[in-house]
Structure formats: C-alpha cells, structure tokens
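Below is one structure, written out as structure tokens, with a few remarks after it.
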Amino acid sequence: VEQNGTTLKTVKVRVNADEWSYTQQGAGDQFNNNYFYAVVDMPEITKEVFDRGEVKAYAVFNRQNSTNARKHLLPYVLHKEEEVSMGEWVYFTETYDFTYGIGWAEFNFRTSDFAYEDNVNINPPAMEFDIVITYPQ
C-alpha cells in the first residue's frame, strides 16, 4: 500500500568491542553453534511499530570517510580469507544479523569457521549500525 507523508526515523547505534556478549554459557556449550550478540534498548520500537510499521538495520562502515562510506542492509554476509601462516589460508564467512521486538533490538555476529569456539581471544570489532524505523500512518 502506497502512503503519502511517511514518517521515518534513523537511530545510530555503536556497539563497542567489549559490548558483544557470547552465547556460550558453560564448558559443555563449546560446540553449540555459538555466536556474539549485542542488545540495545529501543523505545522507538513501540507495539504499533512492531504490528504495523517497518524496522530495518544497516551495518555502517567508514561513516566519516565520504569516499569509502557504505551501508549494508542486514543480514550482511561477507566471504573472507586470512593467511594464518606462510602460505596457509583459511576461508570463512562473517554474518551480521538483526532481530527486534517491542522496545529492544539485537545485533548478531557469527563466523562460519567458529574459530572463536577454540580461541576465546577472538571478539568482534566495534561496529556501527543504523536502525531505520518506518512509522505506520
């Protein structure tokens, strides 16, 4: 349905590296498809928005650099490669995702190789996100 006079609001969210939580609860959970998450309060997502509006999230990279600034609609999937030693490469996929409910939003991060299952020093970096809310008319 096309509507005139749509109201949008963009909420900028920064998740610092130390604000990511990990789903692993105990030693027995080590290989249970664990991932990182960050929950933020979002009073802007009311019951009315949840029932009749629209909420989208974007990963934002290089916001301050007009030449390289970019946004990716979530979920965002990035295929990567990393040289771990001379001539030895690992290949994996990073996935950033988003879910929300009334009054809250959650960002998720996981890698396809689950390297953080074996190395607890691996942590997602600080990230910026934009949450765009379309309010119902």
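Values for this structure:
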item: Accessible surface of the chain, 1.4 Å probe, proportion on carbon and sulfur as whole %; result: 48
item: Probe 1.4 Å - accessible area at HIS79, Å² to nearest ten; result: 140
item: CD proxy at 222 nm, helix term only [per DSSP H run n ≥ 4: -39500 (n - 2.57); per residue of the chain; nearest 500]; result: -1000 deg cm²/dmol
item: FRET efficiency, 1/(1 + (r/R0)^6) with R0 22 Å, evaluated for THR93 and ARG70 via beta carbons; result: 0.75
item: log10 of Debye I(q)/I(0), alpha-carbon scatterers only, for the chain at 0.17, 0.19, 0.22 Å⁻¹; result: -1.02, -1.17, -1.37
item: Rough spin-label spacing in nm, given labels placed 7 Å along Cα→Cβ, for GLU128 and THR46; result: 2.9
item: Dipole magnitude (debye, nearest 20) for the chain, charges at Cβ of Lys, Arg, Asp, Glu; result: 660
item: Derived scalar couplings ³J(HN,Hα) [region 71-81; Karplus, 6.51 cos²θ - 1.76 cosθ + 1.60; whole Hz; x for Gly, Pro]; result: 10, 10, 5, 7, x, 10, 10, 10, 7, 9, 9
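The values are calculated or read from the model by the stated rules, or taken from the named source; none is laboratory data. Keep in mind the model is a prediction, meaning the values are calculated, not measured. Note that we place each Cβ from the backbone using ideal geometry, even for glycine, and neighbour counts take in every protein chain shown. Each accessible area value is taken on the protein alone, full model and side chains, heavy atoms only, with ligands, DNA and RNA left out. Shrake-Rupley method; radii C 1.70, N 1.55, O 1.52, S 1.80 Å.
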